[in-house]
Amino acid sequence: MPLHGLREIARDPYTAVHHDPTQQLVFIWRSSLPYPSIEELEQSFRRIEQAIGIISRPRSLLLVDARDAPMRNDDGFEVTFGQAHARLFQGFKRAAVILRSAIGVLQVGRLSRGYVTPVRTFTRPEDALLHLGVRVDLTQIKSP
């Protein structure tokens, strides 16, 4: 399956951000590298926001592949992550997150309660792609 028009638009040690204007898809891949500090978490989310700033969210879809993201649930992290995550997802037409485990699904579900844009969580990539109505070969994405 081809990558269609999926192009990398930003990268840091924690994430790679891709955009496919044809499918109106923003795709974010999260690496396995833990954020060493709350400040680094905030900076990473700011870089993502800057990269997707010119994309029309009401017409676009958001897919986040967080299967490799390390689990973390300390209070300081969850508060900061929850706020940054809510800002990131706000305004998209539809959004989906791919997670490795049921625990990850529960954590994202808990953190995303009350978001303006409902976030659907999946453990199977093909289900997330079907939900969004897009075709992407996720195996072709290079890790950050």
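The values are calculated or read from the model by the stated rules, or taken from the named source; none is laboratory data. Keep in mind that what you see is a predicted model, and the values were worked out from it rather than measured. Using ideal geometry, Cβ is built from the backbone for each residue, glycine included, and neighbour counts are taken over all protein chains shown.
If you go through region 101-124 and keep only what is surrounded by fewer than 14 Cβ atoms within 10 Å (Cβ to Cβ) and of a type outside the set (S, T, N, Q), you end up with ALA102, ILE103, LEU106, ARG110, ARG113, GLY114, VAL116, PRO118, ARG124. Pairs linking a residue in region 122-141 that is within 22 Å of ILE103 (Cα to Cα) to a residue that is in a loop (DSSP other than H, G, I, E, B) and among the charged types (D, E, K, R), with Cβ atoms under 7 Å and 6 or more positions apart or on different chains, are THR123/ARG100; LEU129/ARG135. Residue check: VAL97 meets all listed conditions (1) without any contact (Cβ under 8 Å) to a residue 24 or more places away in the chain; (2) crowded, with 18+ Cβ neighbours inside 10 Å; (3) β-branched (Val, Ile, Thr) but one, namely (1).
Examine region 75-87 for a residue that is under 20 Å from PRO21 (Cα atoms) and touching a residue at least 24 places away in the same chain (Cβ under 8 Å), and state whether such a residue exists. Within region 75-87, not a single residue is under 20 Å from PRO21 (Cα atoms) and touching a residue at least 24 places away in the same chain (Cβ under 8 Å).
Condition check ((1) out of contact with any strand residue (DSSP E or B) (no Cβ under 9 Å at 6 or more places or on another chain); (2) at pLDDT below 90; (3) closer than 15 Å to TYR35 by Cβ) across all residues:
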position: GLU49; (1), (2), (3): yes, no, no
position: ILE54; (1), (2), (3): yes, no, no
position: ARG57; (1), (2), (3): no, no, no
position: ALA66; (1), (2), (3): no, no, yes
position: MET71; (1), (2), (3): yes, yes, yes
position: ASP74; (1), (2), (3): yes, yes, yes
position: LEU88; (1), (2), (3): no, no, yes
position: ALA96; (1), (2), (3): no, no, no
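Residue count for region 58-72 satisfying the condition of being surrounded by fewer than 19 Cβ atoms within 10 Å (Cβ to Cβ), of a type outside the set (A, V, I, L, M) and in contact with a helix residue (DSSP H, G or I) (Cβ under 9 Å, 6 or more places away or on another chain): 2.
Selection of first residues in region 6-20 that are farther than 15 Å from ALA66 by Cβ and of second residues that are of a type in the set (Phe, Trp, Tyr) and outside any loop (DSSP other than H, G, I, E, B), restricted to Cβ pairs under 7 Å at least 6 apart or on distinct chains, gives the following pairs, ordered by first then second residue: LEU6/PHE27. Taking the conditions (1) within 21 Å of TYR35 (Cβ to Cβ); (2) in contact with a helix residue (DSSP H, G or I) (Cβ under 7 Å, 6 or more places away or on another chain) in turn, ILE103 satisfies each one other than (2). Against the list (1) of a type outside the set (Lys, Arg); (2) closer than 18 Å to HIS18 by Cα; (3) more than 13 Å from the chain's Cα centre (by Cα); (4) surrounded by 13 or more Cβ atoms within 10 Å (Cβ to Cβ), the condition ASP127 fails is (2). Consider region 76-94 and keep the residues that are of a type in the set (Gly, Ala, Ser) and out of contact with any Asp or Glu (no Cβ under 7 Å at 6 or more places or on another chain). The one that is surrounded by the fewest Cβ atoms within 10 Å (Cβ to Cβ) is GLY76.
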